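Input: a single structure, listed below in structure tokens.
The values are calculated or read from the model by the stated rules, or taken from the named source; none is laboratory data. Please read all numbers here as calculations on a predicted model, not as lab measurements. Because the Cβ atoms are built from the backbone with ideal geometry, glycine has one as well, and the counts that use them run over all protein chains shown.
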Amino acid sequence: MTDKLWVVFLTVTLLTFPLVSVAVSPESHQQQISEWRQSRHDRLASDNGWMTLVGLEWLQEGENRVGSSAESTTKISGGAAEWGTVFVEGDDLRFVPVPGNGVLVNGAAASETRLIADNQGTPTVVSSGDLSFYVLFRESYGLRIKDKKAPALLEFTGVPSYEIQSDWRYEASFIPAEPGETIEIGNVLGHLSPSPVFGYVEFERDGETHRLLGLGDESSESVWFLFADRTSGKETYGAGRFLYSDGMPTDGRLVIDFNKAYNPPCAFNDYSTCPLPPQQNRLDLAVTAGEKKYRSH
């Protein structure tokens, strides 16, 4: 995830894929969720996961000297004392490393090179030892800094979760959005991004009908939900959780499994720029399924 809204949307047209069957035995459901959780754990525990984020430094137009030296204007407290200079000229970014300092660009030695930001394609990665950075864009350009030996990663043992419960898996009613419908989604920096609304799901819990707005477009493989509920800020992360549907809708139905509700990257570090649930997705319901609050953050 980069964590930008338009990056996380995946591929396939509405009604192209068959809906995952809701008729799943308790044993099969337990196994499916257990495997999903293990895969999630492995991603978080990797040396390229969200646990490795250690910094976010905003760039200025013009020259930005990167490193830990007194002359550096963009600080990275590790690796080479002077990594080099990032030049920002509008939407054009380039990096000029200090010769002979061991800094690599996409894993190889390089001289002056164009930097690709995360809103322009696959970001260019600049590294020195266990540290690295790439450029992100959140209304302005900045360096996202990662450390393969970050304390958060070395201390990570897993995310607490509720017990797997099959009654939190729903074959929900699906209502398509109006063509071209969008919603402004805010993030933790206060920025707003227009995002395509794919549709809405409705499900019943304890005799009450609840409704969630889902994001996506005609190329998505799953519908994306950002939601908060009565557990938010108590048992679960205060800014809400994320959830993807199991496949796409068919015949007006969509499978959503709250056992797969998971924490956004901001639950694990202070350097992510996570989107926040829209007001429509603040449920008057305690969703006691999925990941709980990550206590160490």
- Mind checking whether some residue in the range 275-294 is surrounded by 22 or more Cβ atoms within 10 Å (Cβ to Cβ), within 18 Å of Tyr200 (Cα to Cα), out of contact with any His (no Cβ under 9 Å at 6 or more places or on another chain) and free of Cβ contacts under 8 Å to residues at least 40 places away in the same chain? no
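Quick check, is Ser128 more than 22 Å from the chain's Cα centre (by Cα), farther than 27 Å from Leu215 by Cα and not acidic (Asp, Glu)?
Taking the combined requirement at face value, the residue satisfies it.
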- Message: When you check Tyr271 against the structure, is it among the aromatic types (Phe, Trp, Tyr) and modelled with pLDDT of 95 or more, yes or no?
- Response: no
- With Glu184, Glu221, Glu202 as the choices, which residue is in the same structural domain as Ser245 (by TED's automatic domain parsing), in a loop (DSSP other than H, G, I, E, B) and of a type in the set (D, E, K, R)? Glu221
- Would you mention how many residues in the range 142-186 are in contact with a strand residue (DSSP E or B) (Cβ under 6 Å, 6 or more places away or on another chain), exposed (fewer than 14 other Cβ atoms within 10 Å of the Cβ) and over 22 Å from Phe198 (Cβ atoms)? 0
- Matching residues in the range 56-96 - criterion: being on the phi > 0 side of the Ramachandran plot and loosely packed, with under 14 Cβ neighbours inside 10 Å: Gly62, Gly90
- Across the range 122-135, the tally of residues that are surrounded by fewer than 21 Cβ atoms within 10 Å (Cβ to Cβ) and among the aliphatic types (A, V, I, L, M) stands at 1
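Do you know which residues across the range 93-112 are polar (S, T, N, Q), more than 17 Å from Gly67 (Cβ to Cβ) and at pLDDT below 95?
Once the filter is applied, which keeps residues that are polar (S, T, N, Q), more than 17 Å from Gly67 (Cβ to Cβ) and at pLDDT below 95, the range 93-112 yields only Ser111.
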- Note on the structure: Those residues of the range 146-178 that are within 17 Å of Arg295 (Cα to Cα) and either assigned to a strand (DSSP E or B) or among the β-branched types (Val, Ile, Thr) (or both) come to a total of 3
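Could you grab me the full set of residues in the range 114-141 that are in contact with a strand residue (DSSP E or B) (Cβ under 7 Å, 6 or more places away or on another chain) and either of a type in the set (Asp, Glu) or in a loop (DSSP other than H, G, I, E, B) (or both)?
Once the filter is applied, which keeps residues that are in contact with a strand residue (DSSP E or B) (Cβ under 7 Å, 6 or more places away or on another chain) and either of a type in the set (Asp, Glu) or in a loop (DSSP other than H, G, I, E, B) (or both), the range 114-141 yields Leu115, Ala117, Asp118, Asn119, Pro123, Thr124, Val125, Asp130, Ser140.
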- Message: Which numbered condition in (1) outside any loop (DSSP other than H, G, I, E, B); (2) under 23 Å from Arg43 (Cα atoms); (3) touching a His at 6+ places or on another chain (Cβ under 7 Å) is the only one that Phe227 fails?
- Response: (3)
- Enumerate the pairs (first residue in the range 50-62 and within 13 Å of Pro265 (Cα to Cα); second residue anywhere and part of a strand (DSSP E or B) and among the aliphatic types (A, V, I, L, M)) with beta-carbon separation below 6 Å, excluding pairs fewer than 6 apart on the same chain, so at least 6 apart or on different chains. Val54/Ile145
- Task: List every residue pair whose Cβ atoms sit under 7 Å apart, with the two residues 6 or more apart in sequence or on different chains, where the first one lies in the range 237-252 and is at positive phi and assigned by TED's automatic domain parsing to the domain that holds Ser222 and the second, anywhere, is among the aliphatic types (A, V, I, L, M) and not in a strand (DSSP E or B).
- Result: Gly240/Leu276; Gly247/Leu19; Gly247/Val20
- Message: Can you say whether Asp246 is closer than 14 Å to Trp168 by Cβ, under 22 Å from the mean Cα position of the chain (by Cα) and part of a loop (DSSP other than H, G, I, E, B), as far as the supplied structure shows?
- Response: yes
